[in-house]
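Since the structure comes first, as structure tokens, the remarks are kept for the end.
The values are calculated or read from the model by the stated rules, or taken from the named source; none is laboratory data. Everything quoted here is computed from the prediction, not taken from an experiment. All Cβ positions, even for glycine, are placed from backbone atoms using ideal geometry, and neighbour counts span all protein chains on display. Quick note on the areas: whole protein, heavy atoms, side chains included, nothing else; ligands and nucleic acids left out. Shrake-Rupley method; radii C 1.70, N 1.55, O 1.52, S 1.80 Å.
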Amino acid sequence: MADPFLNDFKTMKNYRIEPDQDYRDQSLRQHEALSPEALAEDAVKHYDDCYRDYLTAWCNRDNLALHYGYWDSDKPYQQHQALINKNQILYDKAGIAAEDKVLDAGCGIGGSSIWMGREKGNRVTGITISQQQAHYAREHAKRHGVADTVDFEVADFCQTPFEDASFDVVWALESACHALRKGDFLKEAWRLLRPGGRLVVCDGFLLQREFTPDQWQAVVTCLNGWAVPNLCSREEFTGLLATLNFNDINIHDITAQTLPSADYMYKVARRLYPVQKISQWLGLRSKAQTANYYVGLAQHQLFDEKLTEYLIFTARK
């Protein structure tokens, strides 16, 4: 019997994603467009509700990683090391040095910020729209001994309180996808970067705009479950960077190194299916937690059917 949660998507009639629009489950917005404030509240709800789920089923209190891992095919990494590897590969691709001041735009619970402070000696400011995430990140920074060099603030990465040219690096690891209009995030990153400063963005990007009903169900399940309004393509993102006069634009395709992480997530979700169903039946899972669980199954289809690719963008102001 099909799961009733997924059956909600059967009535979707539009199987095409356009830029700058919200394509999450209609039940979230009751057939009305959400305001920017409501979109932010939805994202906050997701991460606040799912905090312990992530720590239990995906990351740990050392890596604090709310992102895919980086698996080098010739090395038998474990999940923890793969998550740490993602920080290292972004750090290297962006050419970050210890003296660089970094803005972690969409810092989550502080994993990448703390890693840069602890392992590389950088001064890092992490921002999140969740008061709860900022609190947890500060506590984790204290525990890891980097509270003097790594700080966390509540701010929208599309409209921050910082002065022009405040940072050497703007880092966005699986966070820029949360922007309704990706160009708004990039404009703010340009403003915040010093001349010669670098941008590094790592995320999933669409390989097509048109989807079959089955594919559309998987796409929207992922958008809904991760509180992401839409995804763009590499061509669109490159065009936005060029329009803003970023130069030295480079694209690093790490889809192959990400696939083992997608497989791992799928296997974890399959293993936890009985727990999810019983907890859901008992009313112990919030809507955000249930939606987040189903992403673990649906995201695998996006990679398996080559609907998405996973890229690192680097660019210079």
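What the table below lists for this structure:
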{"item": "Given charges at Cβ of Lys, Arg, Asp, Glu: the chain dipole, positive-most of 111, 275, 59", "result": "275"}
{"item": "For the chain, built as a Gaussian network whose Cα springs stay under 10 Å, the top-fluctuating residue of 289, 257, 280", "result": "280"}
{"item": "Relative contact order (%) - region 116-232, alpha-carbon pairs under 8 angstrom, separation at least six", "result": "22"}
{"item": "The chain, accessible area per residue, ligands and nucleic acids excluded (1.4 Å, Å²)", "result": "45"}
{"item": "Residue-count net charge about residue 63 - beta-carbon cut-off 12 Å; Lys, Arg +1, Asp, Glu -1", "result": "+1"}
{"item": "Residue-averaged 222 nm ellipticity for the chain, from DSSP H runs of 4+ at -39500 (n - 2.57), nearest 500", "result": "-13500 deg cm²/dmol"}
{"item": "Computed over the chain: relative contact order in percent, which uses C-alpha pairs under 8 Å that are six or more apart", "result": "22"}
{"item": "Mean-position separation - Cα centroids, region 111-152 and region 277-317, in angstrom", "result": "25"}
{"item": "Average Cα contact separation per residue, region 174-317, under 8 Å, 6 or more apart, as relative contact order %", "result": "44"}
{"item": "Separation of the residue 92 and residue 149 label points, Cα + 7 Å toward Cβ, nm", "result": "2.1"}
{"item": "Of all DSSP beta bridges in the chain, antiparallel share, percent nearest 5", "result": "45"}
{"item": "Cα-derived Rg to Rh of region 213-254, Kirkwood definition", "result": "1.13"}
{"item": "Carbon + sulfur, % of accessible area of the chain - ligands and nucleic acids excluded, 1.4 Å", "result": "51"}
{"item": "Dipole in debye (nearest 20) - the chain, about Cα centre, beta carbon charges: Lys, Arg +1; Asp, Glu -1", "result": "540"}
